[in-house]
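Colleague: Submitted below is the structure of interest, expressed as structure tokens.
The values are calculated or read from the model by the stated rules, or taken from the named source; none is laboratory data. Everything quoted here is computed from the prediction, not taken from an experiment. Reconstructed Cβ throughout: ideal geometry from the backbone, glycine too, with neighbour counts over all protein chains shown. To get the accessible areas, we keep the full protein, side chains included, count just its heavy atoms, and leave off ligands, DNA and RNA. Shrake-Rupley method; radii C 1.70, N 1.55, O 1.52, S 1.80 Å.
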Amino acid sequence: MKHELITDAKLISNYINGDESALEVLIEKHKQRIYSFIYSKVYDGDVADDIFQDTFIKVIKTLKRGAYNEEGKFLPWVMRIAHNLVIDFFRKNKRMPKFDNTGEFSIFSVLSDSTLNAEKTIIKAQIETDVRRLVDELPDDQREVLLMRIYKDMSFKEISERTGVSINTALGRMRYALINMRKIIEKHNIVLTD
Amino acid sequence: MEKIYSKQPNKNQNKFEPKVDTINFLLNYSKSLRVLKYKHLKFDTILN
């Protein structure tokens, strides 16, 4: 309870000025949220512990170097570090050789590269351009809903509020947008796969 | 027989918390870490 009364900013300031106990308070205060966040991504207690540890090592180093920019956003900052480390973990894991106990080891499981090569990059860009042209062919009301939903990742509730129509109308417009795009694709024999 | 769920102990209560060892490691790491400044450079040193 006492911890709640001291702000993060004050604790950080105390810690930077040499009060090591302030770090303990900070960790105690935020450990559950940070750990839960990491665990919700990796679903492994040991991995979550490792990432939690790495997160705070970065926090400690940054604070001790005086590189922390205090804007009253300690927790979001730590969460962002944790988030980046979770991404690093998944990237690293992807490149790790995996043994499936079949007795055979394929060198390609180690050498495989998930990044697109030059040809695939060009094809992907071409597909995206083609799709965008198809979208531009749609009637205004349908195009508007589709752009908000797919490109801006808005919910149908947000779309209905923005466009001033009901959610059902927005859903209907999205449905017709997709139907119309399929029709155009079939009519012109457009191939969108690589 | 009827189960009283409210009286079940919550076995996962500590599941979403880091291990005590992890926190102790961090606190000890913090105590041992010193940042030395030399001109515009900063060096991390771990004191035993």
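Colleague: Please verify whether the range A:141-149 includes one or more residues that are of a type in the set (V, I, T), closer than 20 Å to A:V191 by Cα and in contact (Cβ under 8 Å) with a residue 12 or more places away in the chain. Break it down stepwise before answering.
Modeller: From the range A:141-149, those of a type in the set (V, I, T) are A:145; that's our starting set.
Next cut, closer than 20 Å to A:V191 by Cα only: none.
Checking the range A:141-149: not a single residue is of a type in the set (V, I, T), closer than 20 Å to A:V191 by Cα and in contact (Cβ under 8 Å) with a residue 12 or more places away in the chain.
Colleague: What number goes with the only condition from (1) open to solvent by 50 Å² or more (accessible area, probe 1.4 Å); (2) modelled with pLDDT of 90 or more that A:E71 does not pass?
Modeller: Result: A:E71 passes all but (2).
Condition check ((1) more than 9 Å from chain B (Cβ to nearest Cβ); (2) open to solvent by less than 50 Å² (accessible area, probe 1.4 Å); (3) closer than 20 Å to A:L85 by Cα) across all residues:
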site: A:T7; (1), (2), (3): yes, no, no
site: A:N14; (1), (2), (3): yes, yes, no
site: A:E28; (1), (2), (3): no, no, no
site: A:Q32; (1), (2), (3): no, no, yes
site: A:S36; (1), (2), (3): no, yes, yes
site: A:D44; (1), (2), (3): yes, no, yes
site: A:V47; (1), (2), (3): yes, yes, yes
site: A:I51; (1), (2), (3): yes, yes, yes
site: A:T62; (1), (2), (3): yes, yes, yes
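Colleague: Quick check on this structure: which one of A:D44, A:D19 is of a type outside the set (A, V, I, L, M, F, W, C) and under 19 Å from A:F89 (Cβ atoms)?
Modeller: Details: A:D19 fails: under 19 Å from A:F89 (Cβ atoms).
Just a single option satisfies the conditions, and that option is A:D44.
Colleague: Another question, if that's okay. Considering only residues that are more than 7 Å from chain A (Cβ to nearest Cβ) and modelled with pLDDT under 85, which ones fall in the range B:14-42?
Modeller: Restricting attention to the range B:14-42, the residues satisfying the condition of being more than 7 Å from chain A (Cβ to nearest Cβ) are B:14-15, B:20-21, B:24, B:28, B:32, B:34, B:36-41.
Those that are more than 7 Å from chain A (Cβ to nearest Cβ) and modelled with pLDDT under 85: B:N14, B:K15, B:L36, B:K37, B:Y38, B:K39, B:H40, B:L41.
Colleague: Identify, from the list A:D194, A:D113, A:D130, the residue that is modelled with pLDDT under 85 and either open to solvent by less than 50 Å² (accessible area, probe 1.4 Å) or in contact with a Gly (Cβ under 8 Å, 6 or more places away or on another chain) (or both). Break it down into steps so the answer makes sense when it comes.
Modeller: Numbers: A:D194 fails: either open to solvent by less than 50 Å² (accessible area, probe 1.4 Å) or in contact with a Gly (Cβ under 8 Å, 6 or more places away or on another chain) (or both); A:D113 fails: either open to solvent by less than 50 Å² (accessible area, probe 1.4 Å) or in contact with a Gly (Cβ under 8 Å, 6 or more places away or on another chain) (or both).
That would be A:D130, the only listed residue that is modelled with pLDDT under 85 and either open to solvent by less than 50 Å² (accessible area, probe 1.4 Å) or in contact with a Gly (Cβ under 8 Å, 6 or more places away or on another chain) (or both).
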